[in-house]
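Below you'll find the structure, written out as structure tokens, and then a few comments.
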Amino acid sequence: MKRTPLIARLAATVACAASLVAAPSLSATAAAAPTERTGEATALAAATATTPAAVGRAPGGNRQWVTSWTAMPQLTEPGNMPPPPFTGEDTVLADSTLRQTLRVSTGGERIRLSFSNEFGGAPLPLTGIAVALPRDGRAGAGAIEPGTSRPVTFAGRPSVTIPIGARYVSDPVDMPLAPGTNLTVTTYLADGQASLSVTSHPGSRTTSHLAAGRHVDAEDLPGATPTDHWYLISAVEAWSGRSTTATAILGDSLTDGRGSTTNGNNRWPDQLFARLQDGRGTDDVALMNQAAGGNRVLNDGLGPSAISRLDRDVLSHSGVNRLILFEGVNDIGTAEATGAAQDRVAEDLITAFDQIITRAHAHGIEVYGATLLPFGDNTGYDDPGGLREAARGTVNEWIRTSGRFDAVIDFDAAVRDPAQPDRLLPTIHDGDWLHLTPAGYGMLADAVPLRLFRD
């Protein structure tokens, strides 16, 4: 039977992918991905000069895909839409280039990118995508290192349209990355997305750049419009050694990093990652930050509830064998300050935690419970009768003593004020008695026992 051009192209793509999996691994020099600008460009050029048949062998199945970076997809609120003129009357990002940076946790010989249209109101047509190393390795940089841009394809195609509600994973891109490397992702949309419902992660704490026209491979975007949000991209996987694993974190704004430094990568998971890299036998652990400001466990709010997004944000990702659950304060804080309402939300949180543990265990994933932080003196959550504080105490007591978690991380004990345990230490919050400063987030990172990550 004669093959159509499409079938032939797809067959060639599958054959190419098979050859990649069977090919020898990159040299140690390329895999190390030096951080100096000239070293990065040289290593990347050397790696891509190698033919596909000589890149990334998996002898004996000792290589695997592991999720190295995530941003929790959610519906973009009106105030977080792309700035003018990139949001029109009924279309966003028409004839626009979007350049974003992100920092992977563990590295690898090649990467795959995921783009999400889960909350899009129309199909998402991506005209062209490239990955590169940012200038000077900086988070939030609008420029890239010369010679490092590499095209991203989907089944061999340079353009793709993602259906409403779907997530698409790219073909592997030969791009050796060292742990903790900042990566630039540049996307061009010729027609834009014909909807004002857009998938994003508003709490990026990282600067992105928007420019009119196609500039996917441009070394710089002079005059681009900055915005501190991520759009469309939701995950990066790295082709990793068999010992590499991923730990997912379900959380809210305390994990998303409100109060941390824009382009500073000093949220508590970032600082925990630094400890893991320096620790004995823990430098092969990837961290997946699956948190969003305002998120709740039981009910949707800013993003889907934790109980409803467990499959999407944890169970469906590659390489996950641990989950840190650090969420619930927004459920307590938004429930009515009555005895009945707070008793109910505490009971419902405990039930939800039990469900998350049961479902994660069914997939061989250990679950570590983190105690909820105090919010005394916070204008929105603290109530005169102490009913919400009592609910927090009930939930924390269950986390500590139920025995359902595989381990307990006592964040509450790490940052509460010994003189007034219902509130944070006065020197480590960002002014609202709820969110932390980078130093406060460092205290959370230091409270996580590294032994939990040693197999």
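The values are calculated or read from the model by the stated rules, or taken from the named source; none is laboratory data. Note that this is a predicted model, so its numbers are computed, not measured. A quick note on method: Cβ atoms are made from the backbone with ideal geometry, for glycine too, and the neighbour counts reach across all protein chains shown. Accessible surface is based on the protein model in full, side chains and every heavy atom, while ligands, DNA and RNA are left aside. Shrake-Rupley method; radii C 1.70, N 1.55, O 1.52, S 1.80 Å.
Table for the structure above
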| read-out | value |
| --- | --- |
| First in region 310-321 and in contact (Cβ under 8 Å) with a residue 40 or more places away in the chain and closer than 18 Å to Ile357 by Cβ, second anywhere and open to solvent by 30 Å² or more (accessible area, probe 1.4 Å) and among the small types (Gly, Ala, Ser), Cβ under 8 Å, 6 or more apart | Asn321/Gly364 |
| Region 318-365: number of residues that are among the polar types (S, T, N, Q) and part of a helix (DSSP H, G or I) | 6 |
| Subset of region 217-232 [open to solvent by 10 Å² or more (accessible area, probe 1.4 Å) and either in a strand (DSSP E or B) or over 23 Å from Thr262 (Cα atoms) (or both)] | Asp217, Ala218, Thr225, Pro226, Thr227, Trp230 |
| Counted residues, region 178-211 - those being under 13 Å from Gly120 (Cβ atoms) and in a strand (DSSP E or B) | 4 |
| Cross-chain or 6+ apart pairs with Cβ under 8 Å, region 88-101 first and within 13 Å of Thr187 (Cα to Cα) and open to solvent by 50 Å² or more (accessible area, probe 1.4 Å), then assigned to a strand (DSSP E or B) and not basic (Lys, Arg) | Ala94/Leu189; Asp95/Leu189; Asp95/Ala212 |
| Sole exception among (1) at pLDDT 95 or above; (2) polar (S, T, N, Q); (3) open to solvent by 10 Å² or more (accessible area, probe 1.4 Å) for Thr48, by number | (1) |
| Checklist (1) outside any loop (DSSP other than H, G, I, E, B); (2) closer than 18 Å to Asn263 by Cα applied to Ala141, failing item | (1) |
| Selection count, region 415-429, where residues are assigned to a strand (DSSP E or B), in contact with a helix residue (DSSP H, G or I) (Cβ under 7 Å, 6 or more places away or on another chain) and free of Cβ contacts under 8 Å to residues at least 60 places away in the same chain | 2 |
| Among residues of region 193-220, those that are touching a Ser or Thr at 6+ places or on another chain (Cβ under 8 Å) and closer than 20 Å to Arg103 by Cβ, counted | 9 |
| Considering residues of region 238-282 that are among the acidic types (Asp, Glu) and open to solvent by 20 Å² or more (accessible area, probe 1.4 Å) only, the residue farthest from the chain's Cα centre (by Cα) | Asp278 |
| Hits in region 311-328 - residues which are among the hydrophobic types (A, V, I, L, M, F, W, C) and either under 27 Å from Ala390 (Cα atoms) or at pLDDT below 95 (or both) | Leu323, Ile324, Leu325, Phe326 |
| Residue match in region 147-165 (condition: closer than 27 Å to Thr262 by Cα, of a type in the set (S, T, N, Q) and crowded, with 18+ Cβ neighbours inside 10 Å) | yes |
| Selection status of Asn396, assigned to a helix (DSSP H, G or I) and more than 28 Å from Asp278 (Cα to Cα) | yes |
| Qualifying positions in region 317-345 - touching a strand residue (DSSP E or B) at 6+ places or on another chain (Cβ under 9 Å) and open to solvent by 30 Å² or more (accessible area, probe 1.4 Å) | Asn321, Thr334 |
| Residue match in region 385-400 (condition: surrounded by 15 or more Cβ atoms within 10 Å (Cβ to Cβ), under 20 Å from Asp256 (Cα atoms) and acidic (Asp, Glu)) | no |
| Flag for Ala292 being modelled with pLDDT of 95 or more, hydrophobic (A, V, I, L, M, F, W, C) and open to solvent by 20 Å² or more (accessible area, probe 1.4 Å) | no |
| Scan of region 346-363 for residues that are open to solvent by less than 60 Å² (accessible area, probe 1.4 Å) and over 25 Å from Ala413 (Cα atoms), ordered by number | Ala360 |
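Each row is one residue, and each column tells you yes or no for (1) on the phi < 0 side of the Ramachandran plot; (2) surrounded by fewer than 21 Cβ atoms within 10 Å (Cβ to Cβ); (3) at pLDDT below 95.
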{"position": "Leu177", "(1), (2), (3)": "yes, no, no"}
{"position": "Asn182", "(1), (2), (3)": "yes, no, no"}
{"position": "Leu189", "(1), (2), (3)": "yes, no, no"}
{"position": "Gly192", "(1), (2), (3)": "no, no, no"}
{"position": "Leu196", "(1), (2), (3)": "yes, yes, no"}
{"position": "Ser200", "(1), (2), (3)": "yes, no, no"}
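Rundown of residues vs (1) within 20 Å of the chain's Cα centre (by Cα); (2) under 17 Å from Ile162 (Cα atoms); (3) at pLDDT 95 or above; (4) surrounded by fewer than 24 Cβ atoms within 10 Å (Cβ to Cβ), yes/no style:
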| residue | (1), (2), (3), (4) |
| --- | --- |
| Ser114 | yes, yes, yes, yes |
| Gly121 | no, yes, yes, yes |
| Gly128 | no, yes, yes, yes |
| Leu133 | yes, no, yes, no |
